[in-house]
Amino acid sequence: MFFQDVFWKSAAGKLQSSMRIAYFDAASYDNRIYAYEQDVLYAAGFGMYNTKGWRTYLNLNYRLSRHLRVWAKYGIYYYPGRETIGTGLDQIDGNIKSEVKLQLKWQL
């Protein structure tokens, strides 16, 4: 597995972001790799990397006002050469699996 993370914060401090691109090559699901990922507030992200493919995600954290913040995460797994991902009720037709998370926090 090889990955690169990039972190960025605006000069005013209102916007923060983190990004990752990863390439992984594990022999099978039984040889899967786990790696910590940045996530929305209070969430613990551990990406599961199995077989062969790419993973990328983008996290954004924006302060809308003194009392309101928003977090967002968009991530994609890409498995070249596969026609399905997963099994049973979790099966996805195609070779791309994506996720979206959105969180708002109001604080007095």
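For region 19-42, enumerate the residues that are aliphatic (A, V, I, L, M) and at pLDDT below 90. Don't jump to the end; show me each part of the working.
Of region 19-42, the ones aliphatic (A, V, I, L, M) are 19, 21-22, 26-27, 33, 35, 40-41.
Across region 19-42, the qualifying residue is only ALA27.
Residues in region 64-77 that are in a strand (DSSP E or B), over 12 Å from the mean Cα position of the chain (by Cα) and surrounded by fewer than 16 Cβ atoms within 10 Å (Cβ to Cβ): LEU68, VAL70. Remark: pairs (first residue in region 77-88, within 22 Å of PHE46 (Cα to Cα); second residue in a loop (DSSP other than H, G, I, E, B) and among the aromatic types (Phe, Trp, Tyr); Cβ separation under 7 Å; 6+ apart in sequence or on different chains) = ILE85/TYR79. Screening region 1-63 for strands (runs of 3 or more DSSP E) wholly inside it with 1 or more residues that are surrounded by 13 or more Cβ atoms within 10 Å (Cβ to Cβ) and of a type in the set (Phe, Trp, Tyr) returns the ranges 2-9, 15-25, 45-49, 52-63.
The values are calculated or read from the model by the stated rules, or taken from the named source; none is laboratory data. From a predicted model like this one, the values you see are computed outputs, not experimental measurements. Neighbour counts run over all protein chains shown; Cβ positions are idealised from the backbone, glycine included.
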